[in-house]
Amino acid sequence: MNRILTVLTAATLTLSACSNMNENPLMQNDFGTPFNVPPFDQIKPSHYIPAFENALQNCRQTVDLITANRADATFENTIIPFDRRNEHLNIISSIFFNIRETDVTDTLNIIAESVLPMLTDYDDEVYMNTALFQRIKNVYDNRTKAGLDSSQIRVVEQYYKDFVRGGALLSPSEKEKLKEVNKELSLLSLKFGNNLLAETNNFKLVIDTIADLAGLPENVVATAAQRANEANMPGKWLFTLHNASLIPFLTYSDSHELRKVMFDAYSSRCNKGDQYDNKELAIKMATLRAKRAAILGYKSHAQYVIENNMAQRPEAVDSFLKELWKPALQKAKYELQDMKNYAYRYNRTVSVEACDWFYWAEKVRKSKYDIDETQLSQYFALPNVRAGLFEVANRLYGISFKKLSDVPAYNNECCEVFEVVEKDGSHLGVFYFDYHPRATKSGGAWQTCFREALDNFDGSRISAHVSNVCNFTLPVDNQPALLTFDEVQTMFHEFGHGLHALFSKGKYRRTCGVVPRDYVELPSQIMEHWPSEPECLKMFAKHFQTGEAIPDNLIQKMKNAGTFNQGFATVEYIAASLLDLKWHSIDVNTKIDNAEEFEANAMKEIGLIDEIIPRYKSTYFAHIFNGGYSAGYYVYMWAELLDCDAYAAYKESGNIYNPEIAASFRKKCLEEIGEDDAMKQYMKFRKQQPDIKYLIEKRGLEEKRQYRPQPAVQQQPVQQLPVSVQPSVDTL
């Protein structure tokens, strides 16, 4: 703590000056803002540590009161106060850690280094508290005889399981070992993420010759020029490793050499042997997770994690992914051969490397389907896409969005804030949108909450304050941001997570909106289906200059190309998922000497071709080393099985906005989802087990393959794959 205080004082942050509750907005239960949203304009970095310390003290006092109670343990005197003990701590944590992801500073990183061990220690104290566990256990043992309803019984059972998984049954010495492992893991995760952000921001490709811009669309060039101007490099063009810059460059730049520079910089992040290298961190975290699993009685971290998921066993995940791997790899090889054939005809190129895949894939797509991503983006101005989101939500669920100008935002230059209103005019929640990249923001896209929804016992409701954070293409000059179709789908995806947060119902924190990790992506991924529908596209896809709706022939081209390059997309994803499982299937006796060799062997084992790398390599696999997806990156595909099956209900009804189906999906799969086992809850909606055929069809991996490589030109120097080899898929 002394080092933290010294640094903060040097940064003119006087913590003691904020110890008075009246001077610290984070210590107030009522923020005095519209809808009680966080008072971002009043919060200073110096407020955080005192607020955390105060909240943790209050949480500990609540736990002490529970354990000091001499009366027999009941749901009312034990479970309810325990369930609500962290209300204010959760809000402070949400504010701090969300801001640290969107607008990080050195000061916030220093605070995080202090706060994370505090929170880890608190969690360990709680879940290893013998007296508290005994009261929880007493309620658990008597749950069927105490007159509890099904919701209450589920809460008790979930908390009992949490305590056991948190180490409650361990000996005192084993508990101490577990505490040390947990604390070390929290700090290693923080360092991994900090390294990745620094490494991503440190790379800059500066172009000062017009010839080196060959192939790049005008809007990509203009954005790069704007980026260079902002970096005090007028007359030049700046490209970065953020997806909004990287992907267009890899897709359109005619220079193989420059594509290779960009790709190599991206794929070697945190793997250069310098202060930002993450190889040893990955090994250490995987090893510590295996150690923690062993302490808790599990063979591996994967077994520990997946036990709590719908899949239940790592073997089930491995089997599911491998079932899709064979036809996906087969299709990817045909896609590669198509690109090689095209590249040879185009300019006698005989080699397609990993850095070239996006480039040649776009050429083939344009050739086969006469579709151009640049042409498409003219119809996807960000304000129109956002309006489309709102209209889809309104047609499905009757909700509407009112823009707010009188509420504080965490970044006033980049955020838009909306009130969400039910069909009857009642308040549902608040929604923040943060669209574009900046140097202080982590990469990728995500949904989070500054406050989570909950139903109070008196019938009132705590509404959700939801945030969607993205890194979309920037607007240029006086033009709106023109999104790629992938970005359109990402916008719908994160919005789906937001709807789940808004709609979640329940009286207990442990179950309200809480789902297994491999269910989490269902509410988001199902939303990706609507922007592919002509009926939906016509509603919001309008040319940014003329206002003309997207023409039917362009929609048909999009449909024709719907499964194009899905071999690649499926392979790179499954490769990353299997890499994640490999890292987290090691046992406590496994020794990993070299992270690169470990990864290479894992990819060789599954037969990954050289032209494709895993979607995330180990040193920048933030999902599993700096996020909540360790032993769980597979969940996107698992949830796709669910979302494709769920969307089929709409399609088969003949109305993609079917109000009865939407009402049922909202109630069973979004509002009440925490009230029962996830698969049981899903089947209350669908009335059947999810069918893998819908996933197979969506990705174009059917046994009846329509995708065939083009015949090779004469004197083609590249060996042809045997056309007789057909992909095959069994049912799950």
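The values are calculated or read from the model by the stated rules, or taken from the named source; none is laboratory data. Keep in mind that what you see is a predicted model, and the values were worked out from it rather than measured. With ideal geometry, Cβ positions are generated from the backbone for all residues, glycine too; neighbour counts draw on all protein chains shown. Remember, those area values only see protein heavy atoms, side chains included, never the ligands or the DNA or RNA. Shrake-Rupley method; radii C 1.70, N 1.55, O 1.52, S 1.80 Å.
Please list the three semi-axes, largest first and in whole Å, of the ellipsoid equivalent to segment 341-407, using sqrt of 5 times the eigenvalues of its alpha carbon gyration tensor.
That gives 42, 13, 10 Å for the three semi-axes.
Given a Förster radius of 45 Å and the C-beta distance between Asn394 and Gln556 as r, what FRET efficiency does 1/(1 + (r/R0)^6) yield to the nearest 0.05? Calculated value: 0.95. Full extension of the segment from Glu548 to Glu257, taken as 0.36 nm per residue of separation minus the current Cα-Cα distance, would add 100.9 nm.
Centre-to-centre, using Cα atoms only, segment 264-336 and segment 43-120 are separated by 31 Å.
In segment 340-394, carbon and sulfur make up what percent of the accessible area (probe 1.4 Å)? Ligands and nucleic acids excluded, carbon and sulfur reach 43 percent.
The fraction of accessible area contributed by carbon and sulfur in segment 516-564 is 47 percent, rounded to a whole number (1.4 Å probe; ligands and nucleic acids excluded). Considering the chain, its Cα convex hull presents a mean projected area of 33.0 nm². Report the rotationally averaged projected area of segment 527-591 based on its alpha-carbon convex hull, in square nanometres. Mean projected area for segment 527-591: 7.2 nm², to one decimal. For segment 187-300, the Kirkwood hydrodynamic radius from C-alpha pairs, put into Stokes-Einstein at 25 °C and a viscosity of 0.890 mPa s, yields a diffusion coefficient of 152 µm² per second. What is the percent of Cα-Cα separations in segment 617-687 that go past 14 Å? So the pairs more than 14 Å apart make up 67 percent of the total in segment 617-687.
Model label sites at Phe97 and Gln28, defined 7 Å from Cα along the beta-carbon direction, differ in position by 2.5 nm.
Relative to the current alpha-carbon distance between Lys177 and Asp274, full extension at 0.36 nm per residue lengthens the span by 31.8 nm.
Distance cut-off 25 Å, Cα to Cα: go down the list Lys183/Lys291; Lys322/Lys693; Lys559/Lys617 and report the pairs above it. Violating the 25 Å Cα-Cα cut-off are Lys559/Lys617.
When you count the other C-beta atoms within 10 angstrom of each residue and take the mean per peptide, 494-506, 372-384 line up highest first as 494-506, 372-384. Using only DSSP helix segments of four residues or longer, with each worth -39500 (n - 2.57), what per-residue ellipticity at 222 nm results for the chain after dividing by its residue count and rounding to 500? Here the helix-only value at 222 nm equals -16000 deg cm²/dmol. Listed by chain and number, the aspartates and glutamates whose alpha-carbon sits under 18 Å from that of Lys279, ignoring those within fewer than 8 places in the same chain, are Glu184, Glu199, Asp264, Asp580, Asp593, Glu596, Glu597, Glu599.
Grab the beta carbon distance between Asn589 and Lys538, set R0 = 60 Å, and tell me the FRET efficiency rounded to 0.05.
On the way: r = 60 Å, r/R0 = 0.99.
According to the calculation, E is roughly 0.50.
In the chain, taking the dipole from charged Cβ atoms about the Cα centre, the farthest positive-side position among Met603, Leu196, Val466 is held by Met603. Taking the 1.4 Å solvent-accessible surface of segment 613-684 as the whole, the part contributed by carbon and sulfur is 52%. For segment 284-388, the fraction of C-alpha pairs more than 24 angstrom apart is 58%. Computed with a 1.4 Å probe over protein heavy atoms only, the accessible surface of the chain comes to 42 Å² per residue.
Rg then Dmax, both in Å and based on the Cα atoms of segment 126-259: 27.9, 79.
Heavy-atom accessible surface of Thr120, to the nearest 10 Å², is about 20 Å², with a 1.4 Å probe and all protein chains retained. When only alpha carbons of segment 457-539 are considered, Rg and Dmax amount to 16.3, 52 Å.
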